[in-house]
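The values are calculated or read from the model by the stated rules, or taken from the named source; none is laboratory data. As the structure is a prediction and not an experimental result, all values here were calculated from the model. Ideal geometry is used to build each Cβ from the backbone, glycine not excepted, and the neighbour counts take in all protein chains shown. Ligands, DNA and RNA are stripped out before the accessible areas are found, and what is left, the full protein with its side chains, is counted by its heavy atoms. Shrake-Rupley method; radii C 1.70, N 1.55, O 1.52, S 1.80 Å.
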Amino acid sequence: MPRGATLRDVADRVGVSPRTVSRVVNDEGGFSEVTRVRVLEAVEDLGYQPNMLARGLITHRSGTVGLVGVDMTDPFFPAMAEGIQNAARETGRTIFFASNDGDSQRQAEVFRSLWSHAVDGVIVFPAPGTIDQLAGYARRGMPLVVVDDIVEFPNLASVSFDLEDGAVQAAQHLLATGRRRIGMIGSEITVPRTRRRERGFYQAFESPPVGAELPELVRVQPTVSGGAAGLQKLLERRPDLDGIFAYNDLMAVGAMRAAQASGYRVPDDIAIVGCNDIEMSALLNPGLTTIRLDRPRLSAEAIRVLHELIEEPTSNPTPLVLPVELVIREST
């Protein structure tokens, strides 16, 4: 194969030293605008590809960041991951994708690999109960942004949605539409510190309207089949159930299908509210009322905060909590 263009080839084309070419390529300063333009034109003409490994040894940066999710098959994650990838590209970084499968041991394996590849930082949807594990990597110098949890720790930032308020909005909407026997289908893979939806749901019943009964709660897998199983469990406890708030839209879809299969009309007999506003939510029949989470904003904020941590690794950013919005459709 033909030899690729080298730093020396670019320098000879422009008539400057290899060190000047290196400063331009690495944006280190110390050169004129005319020189910058000439060097970049030569880089383009010759097809020069900088040696990223060598650059990393000099700058202590790999130009890569990790994105660790819980479940790659959840429609919410791919849509958000695309936004993070696009935002990362604007900062000149490449994304490594991985899944922790909601398991602490699997997450430990993923982080050992990311550490060995010297990523500049990681955005992570943590497996339940693993904040101490992540804090350990932050102490070792890995900049981390935790999504969907609220954490305060040096070199570790958190970006999350106000899911507690979202659950309040969902429950209050059900109550406002006349529902009085309401249940929630929660996720069994959550731990107490991350059950913000449940806290918000119960908060809405602290001063309930006349006739509202104590709410019911079941926890199942956060999937379509889990939602169907959750509905059946609620109906066993409360056959006259007339309103449901589901942990996510997949569970709401499962609950809706199970209710219809059992002869219940949605929303005439049972009103259903989900959370996430994934694309299919608007395409269902009836359309699903849900709590909208602004994925593009989350993506942009996660990359922005991670970039700040990479530049100032000893900082301790204030947790960022993003607002949510109730989207009313035909299911309520």
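Couple of notes before you dig in:
- Matching residues, segment 296-314, being among the acidic types (Asp, Glu), crowded, with 18+ Cβ neighbours inside 10 Å and either touching a Pro at 6+ places or on another chain (Cβ under 9 Å) or part of a loop (DSSP other than H, G, I, E, B) (or both): none
- Test: residue in segment 146-169 that is in contact (Cβ under 8 Å) with a residue 60 or more places away in the chain, within 19 Å of the chain's Cα centre (by Cα) and on the phi > 0 side of the Ramachandran plot: yes
- Condition met for residue 317 (open to solvent by less than 60 Å² (accessible area, probe 1.4 Å) and in the same structural domain as residue 135 (by TED's automatic domain parsing)): yes
- Where a residue in segment 124-141 is aromatic (Phe, Trp, Tyr) and its partner, wherever it lies, is assigned to a strand (DSSP E or B), with Cβ under 7 Å and at least six apart: 125/68; 125/69; 125/147; 137/144
- Cβ pairs under 8 Å, 6+ apart, first in segment 200-214 and closer than 15 Å to residue 242 by Cβ, second open to solvent by 60 Å² or more (accessible area, probe 1.4 Å) and of a type outside the set (Lys, Arg): 205/214
- Residue pairs whose Cβ atoms lie under 6 Å apart, separated by 6 or more positions or on different chains, with the first residue in segment 177-193 and open to solvent by 60 Å² or more (accessible area, probe 1.4 Å) and the second not in a strand (DSSP E or B), are 181/213; 181/238; 181/240; 181/241; 181/242; 189/102; 189/128.
- Residues of segment 279-292 classified as open to solvent by less than 10 Å² (accessible area, probe 1.4 Å) and either outside any strand (DSSP E or B) or small (Gly, Ala, Ser) (or both), total: 3
- Among the residues of segment 234-278, just one is buried (at least 24 other Cβ atoms within 10 Å of the Cβ) and hydroxyl-bearing (Ser, Thr, Tyr), namely 247.
- Considering (1) at pLDDT 90 or above; (2) in a helix (DSSP H, G or I); (3) among the small types (Gly, Ala, Ser), the lone condition that residue 66 does not fulfil carries the number (2).
- Cβ-Cβ under 8 Å pairs, at least 6 apart or on other chains, segment 109-122 side assigned by TED's automatic domain parsing to the domain that holds residue 143 and more than 19 Å from residue 158 (Cβ to Cβ), far side assigned to a helix (DSSP H, G or I) and open to solvent by less than 90 Å² (accessible area, probe 1.4 Å): 115/137; 118/56
- Across segment 89-108, the qualifying residues are those that are part of a helix (DSSP H, G or I) and modelled with pLDDT of 85 or more, and the one among them that is most open to solvent (accessible area, probe 1.4 Å) is 105.
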